[in-house]
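The values are calculated or read from the model by the stated rules, or taken from the named source; none is laboratory data. Just so we're clear, the structure is a prediction, and the values are computed from it rather than from any experiment. FYI the Cβ positions are ideal-geometry reconstructions off the backbone, even for glycines, and counts take in every protein chain you see.
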Amino acid sequence: MRTAASRTPWRSDCFPQALTARLLLRAARVPHTVTFGLRRDAAGQLKAHVWVAAGEVAVTGGSSDAWTRVGGAAWAPRRP
């Protein structure tokens with residue numbers, strides 16, 4: 001995901017990467033969670049971040065340890 005994002009002519013920070021990962025994981029029917037987080041930087045500015053995980057695997061967004069989780073959504077394929 002990072003490699004593709006680095007080659008786009010537009011800004012591809014965490015949000016578009018998370019949306020793309022979500023679409024690809026859903027198309028492949030892989031259960032996943034999209035999580036939104038916040039934290040303050042050294043100057044006190046509020047920063048936002050989004051990441052995607054499939055089980056214990058971080059798909060996009062890297063480590064979420066430094067962020068306070070404020071919301072999210074999980075997806076899993078329906079069973080027949």
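Output the residue which, of all residues in the range 14-39 that are among the charged types (D, E, K, R) and closer than 16 Å to residue 72 by Cβ, is surrounded by the fewest Cβ atoms within 10 Å (Cβ to Cβ). Checked the range 14-39; the qualifying residue surrounded by the fewest Cβ atoms within 10 Å (Cβ to Cβ) is 39. If you take the residues of the range 54-66 that are out of contact with any helix residue (DSSP H, G or I) (no Cβ under 6 Å at 6 or more places or on another chain) and either among the acidic types (Asp, Glu) or surrounded by 19 or more Cβ atoms within 10 Å (Cβ to Cβ) (or both), which of them is modelled with the highest pLDDT? So, considering only residues that are out of contact with any helix residue (DSSP H, G or I) (no Cβ under 6 Å at 6 or more places or on another chain) and either among the acidic types (Asp, Glu) or surrounded by 19 or more Cβ atoms within 10 Å (Cβ to Cβ) (or both), the one modelled with the highest pLDDT is 56.
Selection over the range 40-53 of residues that are more than 13 Å from the chain's Cα centre (by Cα) and either under 13 Å from residue 15 (Cβ atoms) or surrounded by 13 or more Cβ atoms within 10 Å (Cβ to Cβ) (or both) gives a count of 1. Of all residues in the range 8-52, those being charged (D, E, K, R), touching a helix residue (DSSP H, G or I) at 6+ places or on another chain (Cβ under 9 Å) and under 17 Å from residue 65 (Cα atoms) number 0.
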